[in-house]
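The values are calculated or read from the model by the stated rules, or taken from the named source; none is laboratory data. What you are looking at is a predicted structure, and each value in this text was computed from that prediction instead of being measured. With ideal geometry, Cβ positions are generated from the backbone for all residues, glycine too; neighbour counts draw on all protein chains shown. Accessible surface is based on the protein model in full, side chains and every heavy atom, while ligands, DNA and RNA are left aside. Shrake-Rupley method; radii C 1.70, N 1.55, O 1.52, S 1.80 Å.
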Amino acid sequence: MDPTTDNAGQTGDAGTARAALEALRAEIAKAVVGQDPAVTGLVVALLCRGHVLLEGVPGVAKTLLVRALASALELDTKRVQFTPDLMPSDVTGSLVYDTRSAEFSFQPGPVFTNLLLADEINRTPPKTQSSLLEAMEERQVTVDGTPRLLPDPFLVAATQNPVEYEGTYPLPEAQLDRFLLKLTIPLPSREDEIDVLTRHAEGFNPRDLHAAGVRPVAGPADLEAARAAVAKTTISPEITGYVVDICRATRESPSLTLGVSPRGATALLATARAWAWLTGRDYVIPDDVKALALPTLRHRVQLRPEAEMEGVTADSVINAILSHVPVPR
């Protein structure tokens, strides 16, 4: 593939772009220990122009992970701490009266950035949560009837505490469906936790990523070249049928009241395609679909109360479906 830019060396070349995006893991690891799957998920979302929901208990480096990604990709980033009294205009921006010109002018909100960190999104009421819907879906904000485009690339990385925690407002299904992936951030292993404490004892400051050695290893040109290459990744009719069969099986599962919609099926096809390209192939295989099924589908299904009481989880239902749906040869 020819370089997409002449003045950026080979950063626009698809092969170089893949290498640059793979280098993100090592760069982010300078600040965040043991979260390779989450890093990969964020890169997949960027390639698919999607958004990511990060779920985990407080203190597992969700915020640090997003900040490190922005630094390693040299993207503009802003953070919004979602609280019960946050207003929609605090996110999108508002009209401000200028006494000198005697006119109203638009003051952009923090959503006007490349990577928006929506911290603890489920601590704010639904009215403010919904202020992100237009931005996530249409990539624009409408204030006083005037649409204003958001920059490209644009990604919302929202963190949330598990829903059983005090003072949380579960996200409605319509908004959950707007997130391409839901990534769970687990507690670290004993070895990783020792590594974290050792770094802090040696002076690591999570608020100073530059001092930690995190440097830009990729940029918007790499993302653009990568997206163009992903769009050329081949999807056979058998793979398309496999994705449809998986999603239709969720609608027939006795453990679920809500299965995966056609939008979810489209999302799974897109994420599998991006993962195939990241792993060095220009065609999608069933293993790519299986690898992205959990993070792409787990937030798009709803458990029956009786199944939930029996300890059934969305992940266990999806894993059971993956084991039963025939794999194309």
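Key figures for this structure:
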{"quantity": "Residues within region 133-177 that are within 14 Å of the chain's Cα centre (by Cα) and within 14 Å of Val111 (Cβ to Cβ), tallied", "calculated": "8"}
{"quantity": "Residue in region 168-185 that is at pLDDT 85 or above, surrounded by 13 or more Cβ atoms within 10 Å (Cβ to Cβ), touching a helix residue (DSSP H, G or I) at 6+ places or on another chain (Cβ under 7 Å) and farther than 21 Å from Val39 by Cβ present", "calculated": "yes"}
{"quantity": "Per-region count, region 239-251, residues among the small types (Gly, Ala, Ser) and crowded, with 16+ Cβ neighbours inside 10 Å", "calculated": "1"}
{"quantity": "Every residue from region 109-130 that is part of a helix (DSSP H, G or I) and either closer than 16 Å to Val57 by Cα or among the basic types (Lys, Arg) (or both)", "calculated": "Ile121, Asn122, Arg123, Lys127"}
{"quantity": "When residues of region 255-304 are limited to those that are outside any helix (DSSP H, G or I), of a type in the set (Lys, Arg) and without any contact (Cβ under 8 Å) to a residue 60 or more places away in the chain, the one most open to solvent (accessible area, probe 1.4 Å)", "calculated": "Arg304"}
{"quantity": "Out of Val243, Val214, sole residue that is β-branched (Val, Ile, Thr), part of a loop (DSSP other than H, G, I, E, B), on the phi < 0 side of the Ramachandran plot and in contact with a helix residue (DSSP H, G or I) (Cβ under 6 Å, 6 or more places away or on another chain)", "calculated": "Val214"}
{"quantity": "Members of region 209-238 found to be more than 21 Å from the chain's Cα centre (by Cα), within 14 Å of Trp275 (Cα to Cα), exposed (fewer than 13 other Cβ atoms within 10 Å of the Cβ) and not hydroxyl-bearing (Ser, Thr, Tyr), listed by number", "calculated": "Lys232"}
{"quantity": "Which numbered condition Glu191 misses (of (1) without any contact (Cβ under 8 Å) to a residue 12 or more places away in the chain; (2) within 25 Å of the chain's Cα centre (by Cα))", "calculated": "(2)"}
{"quantity": "Tally of residues being surrounded by 14 or more Cβ atoms within 10 Å (Cβ to Cβ), hydroxyl-bearing (Ser, Thr, Tyr) and more than 17 Å from Leu115 (Cα to Cα) across region 127-161", "calculated": "2"}
{"quantity": "Qualifying residue in region 35-57 (condition: charged (D, E, K, R) and without any contact (Cβ under 8 Å) to a residue 60 or more places away in the chain)", "calculated": "yes"}
{"quantity": "Test: residue in region 135-155 that is within 19 Å of Leu86 (Cα to Cα), part of a helix (DSSP H, G or I), small (Gly, Ala, Ser) and modelled with pLDDT of 85 or more", "calculated": "yes"}
{"quantity": "The listed residue being assigned to a loop (DSSP other than H, G, I, E, B) and at pLDDT below 90, out of Pro37, Pro58", "calculated": "Pro58"}
